[in-house]
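What follows is one structure encoded as structure tokens, with my remarks underneath.
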Amino acid sequence: MNVAVHADFERRQDDALDAAGLIRLAVLAVGGQGGGVLTNWILSLAEQNGYFVQTTSVPGVAQRTGATIYYIEMLPGSDRQPVLALMPTPGDVDIVVASELMEAGRAVTRGFVTPDRTRLITSTHRMHAVSEKIVPGDGIVNPQPVLDGLEKTARSVIAFDLAAVAERHKAHISASLFGALAGSRLLPFERDAFEATIRSSKRGVEASLAAFHEAFELARGTRREAAPASVPDVPQTRPAAARPKVLAARWQALVADVETLPKPVRDMALAGLQKAVDYQDADYGKLYLETLRRVVKEDTAHGGEARNFDFSRMLAKHLANAMCYDDVIRVADLKTRRQRYERIDDEYGGSDGSVFTVTEYMHPRAEEFASVLPAGLGRRLKDSPLGLRIVGRIFSRGRRVRTDRLSGFLILFFVAGLRRFRRRLLRHHTEEAHWRDWLDRATVQLPRNYDLAVELLRVRRLIKGYGDTHARGHGKYDKVIAGIALVEGRDDAAEWARRLIDAGLQDAQGKTLEGALETVRSFVD
Amino acid sequence: MAERSFKKEVQQLKIPAGETFRGEGILAITKALLESGVGYVGGYQGAPISHLMDVLADAEEILGDLGVHFEANASEAAATAMLAASVSYPIRGAVTFKSVVGTNVASDALSNLASAGVKGGALIVLGEDYGEGSSILQERVHAFAMKSQVWLLDPRPNLPSMVKAVKDGFDLSEASSTPVMLELRIRACHVHGAFVASENKRPPVTVKEALANPSRDMSRVVLPPALFHHEQEKVHQRWPAAQKFIRERGLNESFGPKDGRVGLILQGGMYNTVVRALQRLGLADINGDSDVPLYVLNVTYPLVDDEFLDFCADKSAALVVEEGQPAYIEQAFAAVLYKNKGTVQLSGKDYLPPAGEYTGAVVHAGIAGFLRDHQPGLLSDRDRAPNRPETDETVKQLAEIVPQRPPGFCTGCPERPIFAAMKLVEEELGEHQIAGDIGCHLFSTMPPFNIGGSTMGYGLGPASNAAFDGGGDKRAISVLGDGGFWHSGLTASVGNAVFNQSDGVVMIVDNYYSAATGGQDILSSRADNPTKATQHPIEKALAGVGVEWVRTIDRTYDVGKMRDTLREALTTEASGPKVIVASSECMLNRQRRERPIRNQAVKDGKRVVTPKFGVDEDVCTGDHACIRLSGCPSLGLKKLDDPLRDDPIVQIDESCVGCGNCGEVAEAAVLCPSFYQVDRVQNPGRFEAAISRLRSRVIAALQNWRENRRLVKQDLVA
């Protein structure tokens, strides 16, 4: 992250307010996230050190998870009561402390951050806004333009992931923000005074002080920010001795196979291979690689090399996802794995002798039951409304499965064990037919319109989730495919395909997609 | 039990004269009431004066020692009606509520109170919810003052001035036999400051003493012929008396040089913002000593004509800084000038915007503009011709990127599953006409729920659907909180629906408190409140007014049941209003209540179970349907370090309180099996721990058995 550490606070001397030693400080926070505590600490710190302080806030309903601003003015105490402002004014704020990156951005958009005056301290972590979270695709705002904007508008910026600092010490973010403020030396108080303030708060003092110290040193520049705590994807590797030797050898052979693919494809192919093997077995991995290799050949024949094998790489990604569809076996498998139990134990077990129970929230439907039947039987059931109704009566309801207990664990363990028969089951037949059709459809386009072929692969991204969500994904997929068929012959077909896919990822109901399709129809008619 | 406790802070109410009092504006007001010898206090909670009600409730013992009665009134109308005690008896009374919506509710009582006039000082402390952070319609209380002839104080927003305003208010009220409203803006209510305390005073006559010696005065009853005299009295006696008192006591203040050519006229509440503008223009110092004459109206109604004319006497121009619209003060002064052939150029909402909050930037620009035209010599070169900031472009860019963050339901809020269920029913039965009320539940109108299309006032949700009472192909749904139900909803909404044989569905959201205002107890609260009668079930009241179809859900988190009940209400053959009472405790309050108890229990070595929820990373596919149906703040997004996956997955952060809504929604909506609940058991029993160990061992053995027969992720490295 971006760090700028400055010399001790040199105060501007623009007007009588500066001359009087007035400090104007705004805290921008998310309601209920420590802004109030931080403000009270600053208040008590300044008062204890002989300052006259005025704080205001607009809590109201904004305290319920909305953006909230606290405002503090302070100056050395004197006999007369000064007249201070009750709200921050653009161009008139010395220090902005933001508890989250977008709140720092908000301080800029509200004009509180100006290059001649405002020193900005912000945590760089994100608490995503509802508008970002409800997008079915990736709605997360790109933080880089905001970070750049802060650099451009503030006199100086101190930016760290102060939420991570707090979390490391099991403290609240108010403690690390306070530490960064102390370390910035923007307030005319010694470190001891800051610490005394935390001590007098009497609650969670040790944890707060630990977070304070780390943030202090980060802001001071005497410590570097730790790399983002990369939670290892694989908590523990299995002891080498325990590894099944025959299987390990097969794996090595598959990896060697990947090495024979064109270089640009290899990384993605390896990731896809890992997924396929982990999902099913080495044979399945082989099928994946063979399918990929066949396509790479076609790709090469149609100028793939010049295009960095875009088509093959796109396939390597989406084929893996298509082949590793999310069925009940997969879910049961993931939920009964050792790594999962270790991860939960890490998080909730603790060394204090506490134990924990785990309850899964599931809702299998008749369709799920049919999907794990052998293909013939399953198909017959699916075609029989009566059968589905009966099975639905028996199976379709919310189920809470206690997977820390043997009874619950064994049910899922058994379902996970169906993996061995997976390739004979109805769901597998349906899924395989679907991805083969998808692949053919895209490959056919390769000689005609390379970019369109790539987009035709990317359409798969619309299919994800379970139950209704999954069905809706399929619906969108079909619509986009039909939409692409309308523009197929055009030069800008790939561009339109891309737009349709992006529209499909915008909202759940598919309203944006309908709009985009309407546009397409309007010019092909 | 209120969300915030002031038990510690109220001890300051007892400090002896001469000591410095430090705290929030609200607390200072309470102290001022005691120093004024108030005999009874009351009010109705609402931002920004909720804390004043909380302070009064927490100070009940101190009040009792002084012989002061505290009433948590049922509504703003009830609070204002209570001031009737000051009509008949020489006792000072004070009530508080939010404005302008509270004043609307109070207006019936306010008019009658104003007509009768008062013997003892009657003070209404109004929390003015205007501008940033406001959750209500933007209107002025000034109109109420004018129409009912009630005086309006708008003191400078610092603690000494606010404390003085309380005392002046009582004196003014008694000197002019008129109730007085004291208006405090949001930031003034929450401003932290200090003032020097005086002695608390016992009321000269207590309400108990008055009760022992009843008195009545027919001339004060608002009935003919007295009411005609009241109108004459207002104009011929009370108004002049008030103006005389204001002038003689110097309630309005003048600052700055006596001989300036231009001057500023401002509401007391605007003082700090105006002074900051002057400070930045180099025309005032840190203590507020101004180079420009200021006429500060600490009383904004009635205005004192000759005071104003004196201020304008040798000036060429004056600017009225008056927040809100219409510009009543500016208009009134313009009329005074016209009638008195004044020559001063009067400005106001020409240099300043006609509507909206008067923020620092707005007032700065307005005053600078006014001075540029009328006395440019006062300004520096920079202020005479200011440059546009160079960073405008960046600001514009960021404004497009930075997402909005409106307030919403808290983590674990019991209202979330109600609206999740409503969304699920709408997926089955189509969209419905849905009306909201006032309260936390109104957050449902925002994403992700987008439910509810109107709000017509407190307790009026179902009433606002009355046009649809006759029914049709679909039924209208209305939502009413427990606060609104007891405020007026029982009669105005539910009684109305029964009487008119409404076919609609009413969802009563019972979260055990008046939650949106900070968790004050109400009639149906479950808590034992030592001084108030709680635990009166809403169902009994419903039965009492004749509702026949009532369904009670005592755990709103049961999304499936919630959905089924709502579906039943929308499809049943039963006639008359269909009322669902959905009850679960406000999670914010529940956590505040339970967390310390839980922590103590853990320390004491007792068995404590804490639920938390989690999402299986590999099972979550990143379609975010759960967020669209729930929106819990503890559900965040996480980008995976996996090249195969484009979309961020959902993760639950440590703020999770284990309410179970996410799991229940995923289950009821058949979303996905990613959610799991972990119940952490601290200090487990010996047997429990042993069983748990045994289970883990058997499970681990089975896991190893399978793992040795396959390749799993961690083996798969190149």
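Readers should treat all values here as calculations from the given coordinates under stated rules, not as data from a laboratory. A quick note: this is a predicted structure, and the numbers were derived from the prediction, not measured. Don't worry about glycine lacking a Cβ; one is built from the backbone with ideal geometry, like all the others, and counts go over all protein chains shown.
For the stretch B:638-678, trypsin sites (Lys or Arg not before Pro) meeting the loop criterion (DSSP other than H, G, I, E, B) and having at most 15 other Cβ atoms within 10 Å: B:Lys639. Projected label points at B:Gln404 and B:Asp381, each 7 Å from Cα along the beta carbon direction, are separated by 4.4 nanometres. The dipole here belongs to the protein assembly as shown: it is taken about the Cα centre, uses +1 on the Cβ of Lys and Arg and -1 on the Cβ of Asp and Glu, and is about 4180 debye. Here the Karplus curve 6.51 cos²θ - 1.76 cosθ + 1.60, taken at θ = phi - 60°, turns the phi angles of the stretch B:63-76 into couplings of 4, x, 4, 8, x, 9, 8, 10, 10, 8, 5, 6, 6, 5 Hz, with x standing for Gly and Pro.
For A:Arg294 and A:Arg380, calculate 0.36 nm times their separation in residues minus their Cα-Cα distance, and state this gained length in nm to one decimal.
Working: separation 86, 0.36 × 86 = 30.96 nm, distance 3.44 nm.
Here the answer is 27.5 nm.
Would you please report the Å³ per residue occupied by the convex hull of the alpha carbon atoms in the stretch B:128-249? Each step should come with its number before you reach the end.
Details: hull volume 20.1 nm³, N = 122.
Dividing the Cα hull volume of the stretch B:128-249 by its residues yields 165 Å³.
If you take the Cα centroid of the stretch B:674-707 and the Cα centroid of the stretch B:587-650, the two points sit 20 Å apart. Counting only other chain Cβ atoms within 10 Å of each residue's Cβ, the peptide B:126-138 averages 2.
For a test of the definition: using alpha carbon positions, the gyration tensor, and the 1.5 limit on a/c, classify the stretch A:298-380 as rounded, prolate or oblate.
Details: a/c = 4.98, a/b = 1.52, b/c = 3.28.
Oblate, since a/c reaches 1.5 and b/c is not below a/b.
Here chain A is treated with +1 on each Lys and Arg Cβ and -1 on each Asp and Glu Cβ, and its dipole about the Cα centre works out to around 2540 debye. Mean per-residue shielding of peptide A:333-345 is 5, counting Cβ atoms of other chains within 10 Å of each Cβ. Estimated at 0.36 nm per residue, the fully extended path between B:Arg709 and B:Thr571 surpasses their Cα-Cα distance by 44.2 nm. Taking only the alpha carbons of the protein assembly as shown, we obtain Rg and Dmax values of 34.3, 108 Å in that order. For the stretch B:126-133, 3J(HN,Hα) computed residue by residue from phi via the Karplus equation (6.51, -1.76, 1.60; θ = phi - 60°) reads 9, x, 7, 9, 10, x, 3, x Hz, glycine and proline entered as x. By other beta-carbon atoms within 10 Å, ranking B:Lys31, A:Lys286 with the fewest at the front produces A:Lys286, B:Lys31. Radius of gyration over Kirkwood radius for the stretch B:244-329, both on Cα atoms: the Rg/Rh ratio is 0.95. As an equivalent ellipsoid, the stretch B:403-463 spans semi-axes of 17, 17, 11 angstrom, where each value is the square root of five times an eigenvalue of the C-alpha gyration tensor, largest first. Listed values for the stretch A:306-322 are Karplus-derived 3J(HN,Hα) couplings in whole Hz (6.51 cos²θ - 1.76 cosθ + 1.60, θ = phi - 60°), namely 5, 9, 6, 6, 3, 4, 5, 5, 4, 5, 3, 6, 7, 5, 4, 5, 5, and x replaces Gly and Pro. Taking one equal scatterer on every alpha-carbon of the stretch B:383-489, how large is log10 of I(q)/I(0) by Debye at q = 0.10, 0.14, 0.15, 0.23 1/Å? Computed log10 I(q)/I(0) values: -0.44, -0.65, -0.71, -1.28. Electrostatic bookkeeping for A:Ala171 treats Lys and Arg as +1 and Asp and Glu as -1; over the other residues with beta carbon under 11 Å from its beta carbon, the sum is 0.
Per residue of B:606-617, other chain Cβ atoms within 10 Å of the residue Cβ number 3 on average. Each of B:Tyr676, B:Tyr557 was scored by other Cβ atoms within 10 Å of its Cβ. Arranged with the fewest first, they read B:Tyr557, B:Tyr676. Short to long, the 20 Å bins of the Cα pair-distance histogram for chain A hold 17, 38, 33, 11, 0 percent of all pairs. In this rough spin-label picture, where each label sits 7 Å from Cα along the Cβ direction, the A:Ala226-B:Asn529 distance is 4.7 nm.
For chain B, what does -39500 (n - 2.57) per DSSP helix run (n ≥ 4), summed and divided by total residues, give at 222 nm, in deg cm²/dmol to the nearest 500? Display every interim value, and only then the final one.
Numbers: 26 runs with 258 residues, N = 718.
Per the formula, -10500 deg cm²/dmol.
Using a Förster distance of 22 Å, how high is the FRET efficiency between A:Asn308 and A:Gln144, based on the Cβ-Cβ distance and rounded to 0.05?
On the way: r = 24 Å, r/R0 = 1.10.
Efficiency at R0 = 22 Å is approximately 0.35.
What the Cβ-Cβ distance of B:Lys396 and A:Arg498 gives, at R0 = 41 Å and to the nearest 0.05, is a FRET efficiency of 0.90. Rounded to two decimals, the Cα radius of gyration of the stretch B:546-686 over 2.2 N^0.38 Å is 1.32.
Three principal axis extents describe the C-alpha atoms of the stretch B:419-542; from largest down they are 48, 35, 22 Å.
Order A:198-205, B:654-661 from most to least packed using the mean count of other Cβ atoms within 10 Å. Mind dumping the intermediate values first?
On the way: A:198-205: 14.0, B:654-661: 20.1.
Ranked from most to least packed, the peptides come out as B:654-661, A:198-205.
In chain B, inverting the average of 1/r over every pair of distinct C-alpha atoms gives 29.1 Å as the Kirkwood radius.
When you restrict to C-alpha pairs under 8 Å that are six or more residues apart and normalise by the size of the stretch B:557-662, the relative contact order lands at 28 percent.
In this calculation the C-beta distance from B:Asp65 to B:Glu594 is compared with R0 = 41 Å, giving a FRET efficiency of 0.80. P(r) of the stretch B:485-556 in 10 Å steps, Cα pairs, percent per bin? Each 10 Å bin holds this share of Cα pairs: 17, 50, 28, 5, 0. Between the amide H of B:Arg555 and those of B:Ser583, distances stay under 5 Å, these residues lying 5 or more places away or on another chain, with hydrogens modeled in the peptide plane. For B:Ile477, B:Ile652, A:Ile411, the sequence from fewest to most other C-beta atoms within 10 Å is A:Ile411, B:Ile652, B:Ile477.
Please state the shape class of the stretch B:115-186: rounded when a/c is under 1.5, otherwise prolate if a/b exceeds b/c and oblate if not, all from the C-alpha gyration tensor. Oblate, because a/c is 1.5 or more while a/b does not exceed b/c.
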